[in-house]
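> Pasting in a structure now, in structure tokens, and then I'll have a few things to ask.
A short reminder: the numbers here are calculations on the coordinates, not readings from a lab. In this text the structure is predicted, and so the values were computed from the model without any measurement. Using ideal geometry, Cβ is built from the backbone for each residue, glycine included, and neighbour counts are taken over all protein chains shown.
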Amino acid sequence: MSQKPASSDRPPEALRLDNQLCFALYGAANRMTRLYRPMLDALGLTYPQYLAMLVLWEASPRTVGALGDALDLDSSTLTPLLKRLEAGGLVERHRDPDDERRVIVALTDKGRALRDQAETIPEKLFCALDMPLEAVGTLRERLKTLAK
């Protein structure tokens with residue numbers, strides 16, 4: 001026979017899952033990944049690869065260090081990602097002739113051409129979110145503040 005938990009066994013309001021900021025962010029991040037997945041699959045990119053390509057579409061070439069700073073990733077995470085992008089013909093990597101310790105990443109023609117296909121992704125995502133554009137912008141700015 002099961003016993004009914006005593007009221008003292010129930011977690012306080014502060015410990016309820018639905019009251020956790022971390023859980024709301026986790027759920028939102030999962031939803032974003034699910035929304036992006038079919039669009040990125042069509043481009044042959046994973047979400048982290050897409051983020052790296054966004055940075056390179058802004059400015060290429062870049063050092064691996066500058067790319068890591070922009071993405072807040074260390075080189076041990078970034079290197080395998082860049083190797084896969086290079087294997088796909090989207091980027092090329094080479095040592096900086098002025099400083100052999102630095103690796104430079106540059107878009108290839110194929111990588112630059114992929115940008116044209118990716119241009120519709122932000123608009124498609126906003127439509128899928130079904131939120132006013134102003135609300136999305138406000139949320140993004142608040143999350144940037146939280147991430148600092």
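> Can you tell me which of L81, L15, L125 moves the most in a GNM of the chain? Springs connect C-alpha atoms under 10 Å apart.
Taking springs between Cα atoms under 10 Å, the residue moving most is L15.
> Under a crude label model (7 Å from the Cα following the beta-carbon direction), how far is L143 from D130 in nanometres?
1.9 nm
> What is the calculated FRET efficiency for E92 to L17, with r their C-beta to C-beta distance and R₀ = 41 Å, to the nearest 0.05?
Numbers: r = 46 Å, r/R0 = 1.13.
Computed FRET efficiency for E92 and L17: 0.35.
> Provide the net charge surrounding L107, with neighbours chosen by a C-beta distance below 10 Å and charges set as Lys +1, Arg +1, Asp -1, Glu -1. All intermediate terms of the calculation are to be shown ahead of the outcome.
On the way: positive: R62, K110, R112, R115; negative: E92, D109.
With Lys, Arg at +1 and Asp, Glu at -1, the net is +2.
> Using 7 Å Cα-to-Cβ label points, what is the R31/Q117 separation (nm, one decimal)?
2.9 nm
> Cα to Cα, under 13 Å, and not fewer than 8 places away if on the same chain: which aspartates and glutamates meet these conditions relative to K83?
Hits, sequence-local ones excluded: E92.
> Can you compute the charge dipole magnitude of the chain about its Cα centre, using +1 on each Lys and Arg Cβ and -1 on each Asp and Glu Cβ, nothing else charged? Give it in debye, rounded to the nearest 20.
Details: 21 positive and 21 negative charges, 91 e Å.
Computed charge dipole of the chain: roughly 440 debye.
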